[in-house]
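Notes follow the structure.
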Amino acid sequence: MEKSKDQKAPRDLIVSSAHLALGNSPALSELEYGSVLFSHAFNRWMVRCMAAAGVPSLSPVEILIIHSVRHRDRPKTLSDLCLVLDIEDTHVANYAVKKLDAAGLVKTGKSGKEKVIQVTDKGLEALTRYSEIRERLLVEATKVSGLSQEDLSGIASHLRALSGYYEQAARSAATL
């Protein structure tokens, strides 16, 4: 099999599972490994940035939830959070909300029959510090990388599309 100029040999790819790079899309295996590394780095970043903002010991899920609760300054329901963050197990999100509530970062209330969650002043202060640290350490670093805002937006768009392909493949795999 002859490879084109743009195609790397499987041994030239940076993958975690060479056997997956032997199929019809070795680049997909390379993307998967990059996604694993990115996911772990992103989780570490969130935890350490929040700790630097003065709120140590939150998990990545708890940090994602407080950011989502803050989004657009509107109270959120547990089902809103699970939908937006693609959390299948509502118990995971509920436990995170309870931990954030106990830390004084969010408060819960009622809107009709539904429980709603909103950020407290203490939570807003922590998120403001997080945002300032993010600007100083992460945004500045990505500017130096040469990636434009359009490049980053394009990457994000591709990742969202790929997540849909993986979701559909997961549903299909569940029926095998």
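The values are calculated or read from the model by the stated rules, or taken from the named source; none is laboratory data. Because the structure is a prediction, the values reported are computed rather than measured. Quick reminder, even Gly has a Cβ in these numbers, built from the backbone with ideal geometry, and neighbours come from all protein chains shown. These accessible areas exclude ligands, DNA and RNA; they are computed on the full protein's heavy atoms, side chains included. Shrake-Rupley method; radii C 1.70, N 1.55, O 1.52, S 1.80 Å.
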Practice task
Please express the Cα-Cα pair-distance distribution P(r) of the stretch 35-92 as a list of whole percents, one per 5 Å bin, running from 0 to the bin with the greatest distance.
Solution key: 4, 17, 24, 22, 22, 10, 1
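Let me have the 222 nm mean residue ellipticity of the chain computed from DSSP H runs of 4+ only, each contributing -39500 (n - 2.57), with the sum over all residues rounded to the nearest 500. Display every interim value, and only then the final one.
Working: 7 runs with 104 residues, N = 176.
That comes out to -19500 deg cm²/dmol.
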Exercise for the section: Just the number, please: carbon plus sulfur as a percent of the accessible area of the chain, 1.4 Å probe, no ligands or DNA/RNA counted. Expected result: 56
Practice task
Once every Cα of the stretch 25-137 carries one equal point scatterer and solvent is ignored, give the base-10 log of I(q)/I(0) from the Debye formula at q = 0.10, 0.14 Å⁻¹, two decimals.
Solution key: -0.33, -0.60
Practice task
Compute the separation of the alpha-carbon centres of the stretch 85-116 and the stretch 153-173 and state it in Å as a whole number.
Solution key: 27
Problem - By average C-beta atoms within 10 angstrom, highest first, the peptides 39-52, 149-162 - result: 39-52, 149-162
Practice task
Grab every C-alpha pair in the stretch 11-59, bin the distances at 5 angstrom width from 0 up to the longest one, and report whole percents.
Solution key: 5, 21, 20, 12, 10, 9, 10, 8, 4, 0
Handout entry: Using alpha-carbon coordinates, inclination of helix 149-174 to the longest axis of the chain, degrees
Key = 80
Completion exercise
Here the Cα Rg-to-2.2 N^0.38 Å ratio for the stretch 80-176 is 1.47
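Could you tally the net charge around LEU137, taking each other residue with its Cβ under 14 Å from the Cβ of LEU137, Lys/Arg +1 and Asp/Glu -1? Display every interim value, and only then the final one.
On the way: positive: ARG44, ARG48, ARG129, ARG134, ARG136, LYS143; negative: GLU132, GLU135, GLU140.
Local net charge: +3.
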Fill in the blank from the handout: With Cα coordinates, the longest principal axis of the chain makes an angle with the long axis of helix 26-52, in degrees rounded to 10, of 30
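Could you give the dipole magnitude of the stretch 130-176 about its Cα centre, charging the beta-carbon of Lys and Arg +1 and that of Asp and Glu -1, in debye to the nearest 20?
Working: 5 positive and 6 negative charges, 34 e Å.
Computed charge dipole of the stretch 130-176: roughly 160 debye.
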Problem - Segments 75-86, 103-114 sorted - mean Cβ within 10 Å per residue, highest first - result: 75-86, 103-114
